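Enquirer: Quick one: the structure is below, questions incoming.
The numbers here are math on the coordinates, done by the rules we state, and not lab data. As the structure is a computational prediction, the values presented were derived from the model and not from experiment. Cβ coordinates were reconstructed from backbone atoms using ideal geometry, including for glycine residues, and neighbour counts include every protein chain displayed.
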Amino acid sequence: MDLWLRHIMPFGMTLGLLLLTCLPVHIPGLSGVMPMLPLMSVYYWALFRPDLLPVGTAFAIGLTNDILVGMPLGVNALVLASVQRLATTQRRFFLARSFLASWLAFALLAAGAVGLGWLLMEMMAEHPVGLLQMALAYLATLGLFPAATQMMARAQMAFLKDV
Amino acid sequence: MRSRSSGALRRLASIRLMMHRHAFLLLGAAAFVLMLLTKANVGFIEQSRVAVVDAFVPVLDLLSRPATLVAEGTRHIRELVALRAENARLKAENQRLLHWETIASRLRDENQVLLQQLNVVPDPDPAYITARVVGDMGSAYVHSMVVNAGARDGVRKGQAVLSGETLIGHVAEVGDRSARLQLLTDPNSRLPVMIEGSRTRAILAGDGRERPRLGYIAGNPNIQVGDRVVTSASGAAFPPGLPIGVVASIAEGGPWVEPDVHRHELEYVAIVDYGLGGILPFADKPQAPVRRRPAAAGVGPAGTGAVPGGGDN
């Protein structure tokens, strides 16, 4: 039971971060440029514990994201599944030696994820969206990356050190 | 983290990798099928969607309460910082409003006399439901909010959503105990509006930014910064004259409208049933639900005496 609880921690954490981005924050300007917390979480766990956050789970989290946000179903699901897949298959590239290098690697991956999402939405919707908002959300995500990684590394040490 | 894998382990790993590859392909295909189904507007997609949102609403409701507390704290601090400037502004505004008050009371009396003389049929009082915003879905693609009232509270698709007197959007999806609002700034939002002073008609179109823009301007477009934008009766979606915002700039891309109410200020909203079709195709016009009278109605005699042979028992 205890082991099971520890093992669903990455999933629970990602879902929690997803819900966090859905809360009304009442801060001017923040709505619409929320950092993509679930993306960071999926990326981190795909790198360090891919067994606990497989591609199907990433897909499910993305689908939940689509449903809650009201986007066409499948868009975030495909984006998060792709991020998970890319992070697990190209592990060597993302686990760079210095932190700055891994930050840059994540920046590339996140840019790819944002681009994929935008492409899918362009295919789906007839109305163009503000590129500025997307760029701001992307920068917010990059800015939060060190802190979020720290937090998830702490959680990994605390709950999943030897299980 | 160096793996000490024997041959068997490596084979196992390669099998797992194969499975992973297929899983990814399957999931990718599933994603495209889902996108197509969403695009085709299949009924069960929306039903399952509102069911999932319904399931998450209690959690969001619980989580959003501390978030509101934090927000209130930061608001207090911001208010304290701006106290002096705010005080000066309010004093100036108060003077201006006192002047307007005398004018308004004179106009009200005059209006009442004129209405009586013309036998004007009064607009019906709308029924409304007040709901709390429990989810603010921040995304460049979608500007929506989730409130903690749904079909069981009388919310119907297409109803107008107001904050105070100001229109902020409409109900896009309804679950049993939750509803999704589409805001006027959503990239898919289109609303017939008019300029209050000149009665120039236009379509207010969101594009994902804070300010929606005016398009399809009819007639002589003499729009100026500061003009007030209100709903028009075109399309019979909402009653005419609901305030929306003011024209903030007429830079390239067409006049941009600054909404009177901003997204981050929304905590409680009023979902109002005007008995009209709402922002829906006529084919989808919902059955008018049993009207729930607001407690504080009472604006004049609501046409009771004018009904000939009204069954009063």
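Enquirer: Binned at 20 Å from 0, what are the whole-percent values of the Cα-Cα distance distribution for the protein assembly as shown, short to long?
Expert: Computed distribution, short to long bins: 20, 49, 24, 6, 1.
Enquirer: With an 8 Å Cα cut-off and a minimum separation of 6 or more residues, compute the relative contact order for chain A in percent.
Expert: The value is 28 percent.
Enquirer: Give me a single rounded figure for B:22-30: the average over its residues of other chain Cβ atoms within 10 Å of their Cβ.
Expert: On the way: counts 0, 6, 12, 1, 3, 15, 8, 1, 7.
That works out to 6 on average.
Enquirer: May I ask which residue of A:P38, A:L95, A:L23 lies farthest towards the positive end of the charge dipole of region A:2-159, with charges of +1 (Lys, Arg) and -1 (Asp, Glu) on Cβ and the Cα centre as origin?
Expert: Farthest towards the positive pole: A:L95.
Enquirer: I've got another one for you. What net charge is computed for the residues neighbouring B:G175, neighbours being all others with C-beta under 9 Å from the C-beta of B:G175, Lys and Arg scored +1, Asp and Glu -1?
Expert: Value of the local net charge: 0.
Enquirer: Among the GluC sites (Glu not before Pro) in region B:203-270, which ones are in a DSSP loop with at most 12 other Cβ atoms within 10 Å of the Cβ? Mind listing them?
Expert: In loop regions of region B:203-270 (DSSP not H, G, I, E or B), the sparsely surrounded GluC sites (Glu not before Pro) are B:E252.
Enquirer: What's the local net charge at A:P72, with K and R +1, D and E -1, over the other residues with C-beta under 9 Å away?
Expert: So the environment of A:P72 carries a net charge of 0.
Enquirer: Relative to 2.2 N^0.38 Å, what does the C-alpha radius of gyration of region B:127-283 come to as a ratio? Two decimals please.
Expert: Taking N as the residue count of region B:127-283, the ratio is 0.99.
Enquirer: Restricting to DSSP H runs of at least four residues, report the calculated mean residue ellipticity at 222 nm for chain A, -39500 (n - 2.57) per run over all residues, nearest 500 deg cm²/dmol. Don't skip to the end; give the middle numbers.
Expert: Values: 8 runs with 120 residues, N = 163.
One gets -24000 deg cm²/dmol as the mean residue ellipticity at 222 nm.
Enquirer: Can you give the FRET efficiency to the nearest 0.05 for B:V246 and B:R65, using r as the Cβ-Cβ distance and R₀ = 22 Å?
Expert: Approximately 0.10, to the nearest 0.05.
Enquirer: Here is a follow-up. How high is the relative contact order of region B:119-195? Use alpha-carbon pairs under 8 Å, at least six apart in sequence, and give a whole percent.
Expert: Worked out over region B:119-195, it gives 26 percent.
Enquirer: A further question follows. Taking the Cβ of B:N94 as the centre, find all other residues whose Cβ is under 13 Å away and add up their charges (Lys, Arg: +1; Asp, Glu: -1).
Expert: In short, 0.
Enquirer: Now, a different point. Within chain A, what's the longest run with no trypsin sites (Lys or Arg not before Pro) in a DSSP loop and at most 10 other beta-carbon atoms within 10 Å? Give the range, please.
Expert: With a cap of 10 other Cβ atoms within 10 Å, the longest stretch comes to A:1-96.
Enquirer: Highest mean first, what order results for A:70-79, B:103-112, B:153-162 on Cβ atoms within 10 Å?
Expert: A:70-79, B:153-162, B:103-112
Enquirer: Related question: Which trypsin sites (Lys or Arg not before Pro) in region B:184-228 sit in a loop by DSSP (not H, G, I, E or B) and have at most 13 other Cβ atoms within 10 Å of their own Cβ?
Expert: Qualifying residues, ordered by number: B:R199.
Enquirer: Give me the mean projected area, in nm² to one decimal, of the convex hull enclosing the Cα positions of region B:44-118. Show your work: numbers first, answer last.
Expert: On the way: hull surface 45.5 nm².
Here the figure is 11.4 nm², rounded to one decimal.
Enquirer: Tell me which DSSP H helices of chain A clear both cut-offs, 27 Å or more of axial length from alpha-carbon atoms and a mean Kyte-Doolittle hydropathy of at least 0.0.
Expert: Correct list, ordered by number: A:99-124, A:131-159.
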